[in-house]
Amino acid sequence: METKEERYRMLYSQISELIAGEHNEMSVLANVAAAMHDAFADCYFWVGFYLVRDGELQLGPFQGPVACYRIKRGRGVCGTAWDKAQTLVVSDVEQFPGHIACSSQSRSEIVVPIFDKRGEVYGVIDIDSTEVGTFDAVDRQYLEELARLVAESLAR
Ligand code: SME
């Protein structure tokens, strides 16, 4: 079994090939969510995108159980990551005030902002796990790199 770092590195090169040349954002995000879910099926319970639209986060492509459609700025882990424009690693969602429980099975979470060319938050990558403490600095580092890769492919 590879280390987490090795899995993220393989995922990064797979995704760079997968999205090269395609600029339909929903198609790209759908395939990225599928590739991420495939690579980490054992630890990602839910993986997907919320996109900033009309002043709120709206559900984008994802893999996993059905989820909330809309999240307000500053609400929950996703809305807070957007508001602060920074990655949030939550080891135990029950300890996060205002956590939005789309699924009662979700126990830990990481949310990584994706920035557009102007440095504004375009959306977030949200990943949930059914275990406490799944995500750490390694996930953060590699997922932030993935977010930059995705942002480049979306830039027109
Ligand atoms: N738990 C998230 C909401 C999104 S779902 O988990 C898919 C939050 O607090 O932002």
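The values are calculated or read from the model by the stated rules, or taken from the named source; none is laboratory data. Please read all numbers here as calculations on a predicted model, not as lab measurements. Glycine also receives a Cβ, built like all others from the backbone with ideal geometry; neighbour counts cover every protein chain displayed. Note: accessible area is taken over every heavy atom of the protein model, side chains too, but ligands, DNA and RNA are not part of it. Shrake-Rupley method; radii C 1.70, N 1.55, O 1.52, S 1.80 Å.
Annotations for the structure displayed:
- Alpha-carbon spread of region 90-132, three principal axes, descending order, Å: 35, 18, 17
- Rounded if a/c under 1.5, otherwise prolate or oblate - region 4-154, Cα gyration tensor axes: oblate
- Near Thr3: Cβ cut-off under 13 Å, other residues only, Lys/Arg at +1 and Asp/Glu at -1. The net charge is -2.
- Computed in the context of the full set of protein chains, the accessible area of the chain at 1.4 Å probe radius has 47% of its extent on carbon or sulfur.
- Pairwise FRET efficiency - Asp54 versus Asn24, Cβ, R0 = 35 Å, nearest 0.05: 0.95
- Per residue, region 1-97 exposes 53 Å² of accessible surface when a 1.4 Å probe is rolled over the protein heavy atoms with every protein chain present.
- Nitroxide proxy distance, nm - points 7 Å out along Cα→Cβ at Lys72 and Phe96: 1.8 nm
- With 0.36 nm allotted per residue and the present C-alpha distance subtracted, the Glu6-Ala155 stretch has 50.9 nm of extension available.
- Mean-position separation - Cα centroids, region 54-75 and region 22-47, in angstrom: 15 Å
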